[in-house]
Amino acid sequence: MDYGDGLRRPLGRNSDRRDERDRQIGASVAPIVIGYVLTETRNNWTLTFYISTVIYAMGIACWATLDPVTPPEKQIECGG
């Protein structure tokens, strides 16, 4: 499949499947972890929201470091 950047990629790459699996695992584990945190802290929802805030902040930091111009294949070839 051509994505418009001149590179051809096969449909259904394994990395896409792994990414989807990782998201499903995170979505399945989150309610269990939140329930555990609430049980251990005697229903302290403030701590639960702080944990969620930290996770979202880490996502923002990762998103800010992405290079939207250089394709990943070229980043690996150049060494960074």
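Given the condition at pLDDT below 90, outside any helix (DSSP H, G or I) and touching a strand residue (DSSP E or B) at 6+ places or on another chain (Cβ under 6 Å), answer yes or no: does some residue in segment 5-18 qualify? Looking through segment 5-18, at least one residue is at pLDDT below 90, outside any helix (DSSP H, G or I) and touching a strand residue (DSSP E or B) at 6+ places or on another chain (Cβ under 6 Å). Looking across segment 46-78, the residues that are of a type in the set (A, V, I, L, M, F, W, C) and either under 19 Å from the mean Cα position of the chain (by Cα) or at pLDDT 95 or above (or both) come down to Phe49, Ile51, Val54, Ile55, Ala57, Met58, Ile60, Ala61, Cys62, Trp63, Ala64, Leu66.
The values are calculated or read from the model by the stated rules, or taken from the named source; none is laboratory data. Because the structure is predicted, anything quoted here is derived from the model rather than measured. Note that we place each Cβ from the backbone using ideal geometry, even for glycine, and neighbour counts take in every protein chain shown.
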